[in-house]
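Everything on this sheet refers to the single structure shown next.
Here, each number is a calculation from the coordinates, and none is a lab measurement. Note that the structure is a prediction, hence the values are computed from the model and not measured. As a convention, Cβ positions derive from the backbone with ideal geometry for all residues, glycine included, and neighbour counts pool all protein chains shown.
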Amino acid sequence: MATYYLNVPLTDEDVVQLKIGDLVYLSGPAFTCRSRLQRYIFDEKNKLPFSTEQRNLLIHVGPIIVRENDDWRLVSFTPTSSIRFEKWGAKSVKEWGLKAIVGKTTMGEETAQAMKEHKCVHLSPQSVSPNLWLDSIKIEDVYLFDELGTIEAAWHLQLDKFGPFVVDIDCEGNNYFEGIDTVVEENKKKAYKDLNIPADFKYTKLY
């Protein structure tokens, strides 16, 4: 496992060196995205109102941001589960030229394949804390605020050593969490055998 400090815009060379389990810190421009933004662009055929060429890092997050003295103040910032957006994952990678997506857990096979083809990685936080990264994030601007609302709008951020995040999908299509699932299943079978629990055991349903 290695640790990398990368600057956005990310290059192919930046991301192809990353392997599952590596730790990454990110500096530079990024933007936020949730389901309403992707539906607005990909399903409703609206145009993304900004370029992602120099901002090729997407963060799946609905930040809590308040207006204060004619400026924006970041209150809470916790990446949300990326698998919720699998429907648009591959399109996001291809059409927005992404080199990295930050979000909890992981994404599906279609997105992983697009990442493999277009040299992109998925990064997952080591922990879940709404205030862990506040000092690493500066609000630059916001797009589609009136159309989508504060949580779902596309916020432009400037990051400074934002992290650490674990590489859970690399450019070769390897998936960190799938590996964990395999180990868990093997350990469960061994535990069942040691404890004489039948393989078809089902957990008690309370309702």
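Listed by first and then second residue, the pairs with beta-carbon distance under 6 Å, at least 6 apart or on different chains, first residue in segment 118-141 and under 18 Å from Leu157 (Cβ atoms), second among the polar types (S, T, N, Q), are Pro130/Ser76; Pro130/Thr78; Lys138/Gln158; Glu140/Gln158.
Scanning segment 37-76 for residues that are charged (D, E, K, R), surrounded by 13 or more Cβ atoms within 10 Å (Cβ to Cβ) and within 13 Å of Leu157 (Cα to Cα) yields one hit, Arg55.
Checking the structure you have, find out if any residue of segment 153-161 is closer than 19 Å to Thr80 by Cβ, outside any strand (DSSP E or B) and touching a Lys or Arg at 6+ places or on another chain (Cβ under 6 Å). Taking every residue of segment 153-161 in turn, none turns out to be closer than 19 Å to Thr80 by Cβ, outside any strand (DSSP E or B) and touching a Lys or Arg at 6+ places or on another chain (Cβ under 6 Å).
Selection of strands (runs of 3 or more DSSP E) fully inside segment 1-108 by the criterion of at least 3 residues being more than 22 Å from Phe177 (Cα to Cα) returns 3-7, 23-33, 64-68, 71-76. Across segment 144-162, a minimum of one residue is classified as surrounded by 12 or more Cβ atoms within 10 Å (Cβ to Cβ), of a type in the set (Ser, Thr, Tyr) and more than 18 Å from Ala2 (Cβ to Cβ).
Here the condition is being closer than 21 Å to Val142 by Cα, of a type in the set (A, V, I, L, M), in contact with a helix residue (DSSP H, G or I) (Cβ under 7 Å, 6 or more places away or on another chain) and crowded, with 20+ Cβ neighbours inside 10 Å; of Ala30, Ala100, it holds for Ala100 alone.
Scanning segment 108-135 for residues that are closer than 12 Å to Val167 by Cα and crowded, with 24+ Cβ neighbours inside 10 Å gives Cys120, Val121, His122, Leu123.
Name the residue, out of Asn69, Asn46, that is closer than 17 Å to Ser92 by Cβ, free of Cβ contacts under 8 Å to residues at least 24 places away in the same chain and of a type outside the set (Lys, Arg).
Working: Asn69 fails: closer than 17 Å to Ser92 by Cβ.
From the options Asn69, Asn46, the qualifying one is Asn46.
For Asp146, the criteria (1) more than 19 Å from Glu178 (Cα to Cα); (2) in contact (Cβ under 8 Å) with a residue 40 or more places away in the chain hold in every case but one, which is (2). Inspection of segment 168-179 finds a residue satisfying the criterion of being under 27 Å from Val16 (Cα atoms), aliphatic (A, V, I, L, M), crowded, with 16+ Cβ neighbours inside 10 Å and touching a residue at least 60 places away in the same chain (Cβ under 8 Å). Being at positive phi and touching a strand residue (DSSP E or B) at 6+ places or on another chain (Cβ under 8 Å): is that true of Gly163 here? Yes.
Applying the condition of being aliphatic (A, V, I, L, M) and part of a loop (DSSP other than H, G, I, E, B) to segment 131-150 and asking which residue is nearest to Leu58 (Cα to Cα) yields Leu144.
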